[in-house]
Amino acid sequence: MIKVLIMDECHHAAGKHPYACIMTEFYHHQLRSGITELPRIFGMTASPIKSKAANSEATLSKDIRKLMTLMHSKVYTCVSDAVISQFIPMSTPKFRYYMDSVISDSLFKELAKKLDALKQQHELDVTNSDFTKSAVESAHKKLSKIFNASLFCLEELGVWFALKAVESLSSIEIETFKWGNSGDQIVKNFVSATTLTLQSHVPSDPQWTIGDDMNSDVEIGLLTSKVSCLIDCLLEYKDLTEMRCIVFVERVIAAMVLEVLLNTVLPKYNSWRTNYIAGNGSKLQNQSRKSQNEIVDEFRMGLVNVIVATSILEEGLDVQSCNLVIRFDPSPTVCSFVQSRGRARMQNSDYILMVKR
């Protein structure tokens, strides 16, 4: 007989989540049948609110009551952060503002038009081929995946990142032996053409590297002011030898290409090493749970100092307490904000929110 049922991250208890199913299909069914010998429920969460729409006190109260009813429990919390801080170090949010400037409109339109033309051309090649239906579908998906990732990076991060997105995604296909269908030669041709198009807007001098002159890189559209702000934030701590930092981003592709940038720029100032961790929901990368745990172990040992991560690192993985957490992208929910802030648990740690002016 189970006496106590412990549910960690119980804010997930909604819809068809296993927590919700356990309660609705078993627990409440037994309650209605008059059975009293049921486990006590102990749920834990940094925030009981997961919804993006929790924007009023009435909405918050309603959502909390709904969770209490489902969990057949009562909500208890500390009366204030001051009480918690006596036992757990709490970071104070700091704001870093960046100008709302992306690459020039003319440059974006020029490159977006060229990339779209290349995509349409290669999609037509696939459609007019005699490949099997599955090969055609696979090729179309790969073309769209690479195009969408490069276009996102072009607009949000800069030309250099769009190039790195194409290079990263094509190398992942090679590493995981996915270049096997008959339509993949057309996808390879698209990758080559896209790479050449983007390379034509990146300095070709072998002595040049991204970040040598940040202001110039921003001016010519290689990176955006948002990326420059991130570098500035990190360099404020460049003399910190025992750095443990997580940079939270929303998109998987952003985590992948920012890791490349940080491993290029930061070694000019210190010995920090960067890696990324991202979920597989978007199918953009192929990190296994084992490799993610290995990165977390390296982070704990100090072999990795900075992790660029999606929300997967807000919960679920046992991550070393950090002395710096940066939200490159805004928290989509209250729960996300609380959980990411909770990673900055070292004494005198900082939690930085990057905010667009």
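The values are calculated or read from the model by the stated rules, or taken from the named source; none is laboratory data. Keep in mind the model is a prediction, meaning the values are calculated, not measured. Please note: Cβ atoms are built from the backbone with ideal geometry, for glycine as well, and neighbour counts cover all protein chains shown.
Being in contact with a helix residue (DSSP H, G or I) (Cβ under 9 Å, 6 or more places away or on another chain) and in contact (Cβ under 8 Å) with a residue 12 or more places away in the chain, is that true of even one residue in region 75-84?
Within region 75-84 (the criterion being in contact with a helix residue (DSSP H, G or I) (Cβ under 9 Å, 6 or more places away or on another chain) and in contact (Cβ under 8 Å) with a residue 12 or more places away in the chain), the answer is yes, since at least one residue qualifies.
Filter region 215-230 down to residues that are assigned to a loop (DSSP other than H, G, I, E, B) and more than 19 Å from the chain's Cα centre (by Cα), then give me how many there are.
Summing the residues that are assigned to a loop (DSSP other than H, G, I, E, B) and more than 19 Å from the chain's Cα centre (by Cα) in region 215-230 gives 3.
Counting only residues that are assigned by TED's automatic domain parsing to the domain that holds Ile326 and among the acidic types (Asp, Glu), which one in region 211-242 is farthest from Gln199 (Cα to Cα)?
Only one residue tops the list, namely Glu242.
Need pairs with beta-carbon distance below 8 Å; first residue within 22 Å of Gly342 (Cα to Cα) and within region 217-244, second in a helix (DSSP H, G or I); sequence gap 6+ or separate chains.
Qualifying pairs under 8 Å: Leu230/Leu258; Leu234/Leu262; Leu234/Leu266; Arg244/Phe299.
Scan region 251-272 residue by residue and report those that are assigned to a loop (DSSP other than H, G, I, E, B) and buried (at least 17 other Cβ atoms within 10 Å of the Cβ).
Answer for region 251-272, where residues must be assigned to a loop (DSSP other than H, G, I, E, B) and buried (at least 17 other Cβ atoms within 10 Å of the Cβ): Arg251, Trp272.
Is region 294-302 home to any residue that is at positive phi and over 13 Å from the mean Cα position of the chain (by Cα)?
Checked against the condition, which is being at positive phi and over 13 Å from the mean Cα position of the chain (by Cα), region 294-302 yields at least one hit.
Would you check if Gly342 is modelled with pLDDT under 90 and surrounded by fewer than 20 Cβ atoms within 10 Å (Cβ to Cβ)?
Considered against the rule, which asks whether it is modelled with pLDDT under 90 and surrounded by fewer than 20 Cβ atoms within 10 Å (Cβ to Cβ), Gly342 comes out as yes.
Using the structure shown, decide if Asp100 is free of Cβ contacts under 8 Å to residues at least 40 places away in the same chain and acidic (Asp, Glu).
Here the answer is no, as Asp100 does not meet what is asked.
With respect to Asp205, determine if the residue is part of a loop (DSSP other than H, G, I, E, B), at pLDDT below 95 and within 18 Å of Thr274 (Cα to Cα).
No, not satisfied.
Taking Lys52, is it within 27 Å of the chain's Cα centre (by Cα) and at pLDDT below 90?
yes
Within region 274-300, restricting attention to residues that are out of contact with any helix residue (DSSP H, G or I) (no Cβ under 7 Å at 6 or more places or on another chain) and within 17 Å of Met243 (Cβ to Cβ), which residue is surrounded by the most Cβ atoms within 10 Å (Cβ to Cβ)?
Checking each candidate, the answer is Phe299.
Since Asp212 meets every condition but one in (1) more than 22 Å from Phe108 (Cβ to Cβ); (2) assigned to a helix (DSSP H, G or I); (3) of a type in the set (D, E, K, R), which condition does it not meet?
Asp212 satisfies every listed condition except (2).
Residue under question is Glu57, and the condition is that it be of a type in the set (Asp, Glu), exposed (fewer than 11 other Cβ atoms within 10 Å of the Cβ) and farther than 30 Å from Val187 by Cα; does it hold?
Yes; evaluated as a whole, the condition is true for this residue.
How many residues are part of a loop (DSSP other than H, G, I, E, B) and either within 17 Å of the chain's Cα centre (by Cα) or not polar (S, T, N, Q) (or both) when one looks only at region 306-336?
Qualifying residue count, region 306-336: 14.
Being outside any helix (DSSP H, G or I) and among the charged types (D, E, K, R) is the filter here, so list the residues in region 1-31 that pass it.
Scanning region 1-31 gives Lys3, Asp8, Glu9, Lys16.
Do we find that Arg345 is outside any loop (DSSP other than H, G, I, E, B) and among the charged types (D, E, K, R) in this structure?
In short, no.
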